[in-house]
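**Student:** Pasting a structure below so you can have a look.
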Amino acid sequence: MTPDDDLKARFRQIMARHRGAARAIQVRELAGRLGLGDGHNGQRMVQIIKRELVDEGLLIASSCGKQSGYFLPETDAEVEATLKNYENRLKSLAMLIRKTKGAAGFRAYLGQLAMEFEEEESLAT
């Protein structure tokens with residue numbers, strides 16, 4: 001399902017009230033406020049909307065700390081913390097992939113993944 005412009009506009013309005021990590025809004029609450037329900041499907045839709053808005057240039061940060069959720073970063077430190085969070089998730093996923101695929105095929109898989117990432121980056125610019 002692709003979110004419509006009205007849903008994305010309401011998402012932006014809600015996020016405008018959540019500036020800074022201390023005011024992060026949980027995905028479940030955001031889904032509920034958007035009328036998507038607070039279950040898995042609503043939360044998944046919030047993630048899709050977030051991704052589309054980030055693709056459109058809106059900087060949305062996230063936190064897994066005491067105040068977890070999405071927020072609009074106010075400082076460089078908040079952006080850096082979000083990037084560190086994403087890097088840690090990527091490392092964790094890479095470890096799971098490596099263990100699942102087995103060490104033998106992992107290096108070839110990473111090389112392929114890097115090529116695909118570079119292709120996506122070149123298409124985006």
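**Student:** Could you pull out every one of the aspartates and glutamates with an alpha carbon less than 13 Å from that of Lys84, ignoring same-chain neighbours closer than 8 positions?
**Tutor:** Asp76
**Student:** Right, another one. Within 10 Å, at most 11 other Cβ atoms, and a DSSP state outside H, G, I, E, B define an exposed site. Report the longest part of the chain free of exposed trypsin sites (Lys or Arg not before Pro). All intermediate terms of the calculation are to be shown ahead of the outcome.
**Tutor:** Working: sites that count: Arg17, Lys66.
It works out to 67-125.
**Student:** At most 15 other Cβ atoms within 10 Å and a DSSP loop assignment: could you name the GluC sites (Glu not before Pro) in the range 1-75 that fit? Walk me through the numbers on the way to the answer.
**Tutor:** On the way: sites: Glu29, Glu52, Glu56, Glu74; in loops: Glu56, Glu74.
Here the sparse-neighbourhood loop sites are Glu56, Glu74.
**Student:** Quick one: Cα centre-to-centre distance for the range 26-69 and the range 83-125, in angstrom?
**Tutor:** 24 Å
**Student:** Within the accessible area of the range 37-117, what % is carbon and sulfur when the probe is 1.4 Å and the other protein chains stay in place? If you can, show how the numbers build up before the last one.
**Tutor:** Values: 3220 of 5600 Å².
That fraction is 58 percent.
**Student:** How large is the translational diffusion coefficient of the range 1-62 in µm² per second when you combine the Kirkwood radius over alpha carbon pairs with Stokes-Einstein at 25 °C and 0.890 mPa s?
**Tutor:** Details: Rh = 11.6 Å.
Roughly 212 µm²/s, to the nearest whole number.
**Student:** What accessible area per residue comes out for the range 1-119, rounded to a whole number of Å², with a 1.4 Å probe?
**Tutor:** Values: 7990 Å² over 119 residues.
Averaged over the residues of the range 1-119, the accessible area is 67 Å².
**Student:** To continue, here is another question. Considering the Cα positions of the chain, please state its Rg to one decimal place and its Dmax as a whole number of Å.
**Tutor:** 16.7, 49
**Student:** Same structure again: If you wrap a convex hull around the Cα atoms of the range 25-97, how much volume per residue is inside, in Å³? Display every interim value, and only then the final one.
**Tutor:** Details: hull volume 8.2 nm³, N = 73.
Output value, Cα hull per residue: 112 Å³.
The values are calculated or read from the model by the stated rules, or taken from the named source; none is laboratory data. Keep in mind it's a predicted model, so treat the numbers as computed, not measured. Here Cβ is always computed from backbone atoms with ideal geometry, including for glycine, and neighbour counts include all displayed protein chains. Surface areas here come from the heavy atoms of the whole protein model, side chains and all, with no ligands, DNA or RNA. Shrake-Rupley method; radii C 1.70, N 1.55, O 1.52, S 1.80 Å.
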